[in-house]
Amino acid sequence: MRKIVHIDMDAFYASVEQRDQPELKGKPVVVAWRGQRSVVCAASYEARRYGIRSAMPALRAEIMCPDAIFLPPDFTRYRTVSKQIREIFISHTDLVEPLSLDEAYLDVSENKTGLASATEVAETIRAQIKETTSLTASAGVASNKFLAKIASDWRKPDGIFVVRPHQIENFLKDLPVKKLPGVGKATQSTLSGMGVGTVSELLPFELRELEAQFGRFGVRLYNLARGIDNNEVKPDRQRKSISSEQTFETDLSLEELAAPTQSAAERTWVVATKSNRIGRTVVLKLKTSDFQSITRSLTPPTHPTSLDDLNALAMQLLERVDLPATTRYRLVGVGLSNFVDRVDVTMQPELFD
């Protein structure tokens, strides 16, 4: 049986800002660019009390908390802190799978420091992070990645939650199915139509029923409801693409897609800046009112180095859509792919620029 720890920094970007500017402690801090289409990158726990969350429009956040302090993100500084945290992880195990700058899976089935249990490893890591960075982290400890990630959110901020094998059924029974990885709005809606809102309501369905309804994902649902997840921690895990999509309440014409396209680009850029890799190819995805999917992609001579670059390239791709003017669209998405390591770009710019 594996011993998996999921570490998630608490309000990472906002916490770094509050640490470096002590006058901000105890105040609602929102990390976001200013602008009509900007989205929130992070919010301090003081700001979250007003309902502010990551990825919501910055203008909405201003309305929800007029006294919030807005700060532009400083990803260079956040990466520096993330590197310190990563070094702590590696001192305990080589099996570290980063998900972003502020969270990672660790397989501590065997740890380098000889600590007796995964719980002790997680507590030690949290203490070392606090001592080294003056920041807090929350942790989940379980026998697999799925359970550990759910558990890390249980005692936030600055907490730890352990799910032991005999506790799995009780831990999951009241969990909303929307919390299961892979369950988006469409799947949640289908499950709701089946009378399923929690994991306990999903359990009575047989494997063949879920497979008939959801295909291969039905098998995944069946296993997750029972706390089964055989995915290994992969230290060399690399994302092949990053994207953000928006489905509209009413179908839009091509001329009306500029604003939502830029909004999708910004959400993608927020995620991309957390990575140590650089996407060279920009992808535009559209879905028409009759569910026809369309993609356009562009690999410019110089990779996008700012949100403005990504916005400009996304708009170029939008201009390349040549369907009839009467076509209406129900979804737009903007993505980045064709990733290369950031260090390679720095060391060999002539190959990429």
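The values are calculated or read from the model by the stated rules, or taken from the named source; none is laboratory data. Remember, predicted model here, so these are calculated numbers, not experimental data. So basically every Cβ, Gly included, is an ideal-geometry build from the backbone, and we count neighbours across all protein chains shown.
Points worth noting:
- Considering only residues in the range 288-322 that are charged (D, E, K, R) and within 23 Å of the chain's Cα centre (by Cα), the one that is surrounded by the most Cβ atoms within 10 Å (Cβ to Cβ) turns out to be 309.
- Candidate set: the range 27-59, residues that are at pLDDT below 95 and of a type in the set (Gly, Ala, Ser); chosen: the one farthest from the chain's Cα centre (by Cα): 35
- Hey, residue 83 outside the structural domain of residue 305 (by TED's automatic domain parsing), free of Cβ contacts under 8 Å to residues at least 60 places away in the same chain and basic (Lys, Arg) or not: yes
- Among the conditions (1) of a type in the set (S, T, N, Q); (2) surrounded by 15 or more Cβ atoms within 10 Å (Cβ to Cβ); (3) at pLDDT 85 or above, the only one that residue 253 does not satisfy is (2).
- Odd one out for residue 64, checked against (1) free of Cβ contacts under 8 Å to residues at least 60 places away in the same chain; (2) buried (at least 21 other Cβ atoms within 10 Å of the Cβ); (3) touching a Gly at 6+ places or on another chain (Cβ under 6 Å): (2)
- Filter pass, residue 145 being of a type in the set (Lys, Arg) and in contact with a strand residue (DSSP E or B) (Cβ under 8 Å, 6 or more places away or on another chain): yes
- Filter result for the condition that a residue is within 17 Å of residue 4 (Cβ to Cβ) and among the hydrophobic types (A, V, I, L, M, F, W, C), over 160, 129: 160
- Unique residue being in contact with an Asp or Glu (Cβ under 8 Å, 6 or more places away or on another chain) and either of a type in the set (A, V, I, L, M, F, W, C) or at pLDDT below 90 (or both) when the list is 277, 267: 277
- Members of the range 299-312 that are farther than 26 Å from residue 36 by Cα, at pLDDT 90 or above and of a type outside the set (Val, Ile, Thr): 300
- Residue within the range 36-56 that is in contact (Cβ under 8 Å) with a residue 60 or more places away in the chain, among the basic types (Lys, Arg) and not assigned by TED's automatic domain parsing to the domain that holds residue 261 present: yes
- Residue in the range 185-195 that is within 25 Å of residue 55 (Cβ to Cβ), of a type in the set (Val, Ile, Thr), over 20 Å from the mean Cα position of the chain (by Cα) and outside the structural domain of residue 146 (by TED's automatic domain parsing) present: yes
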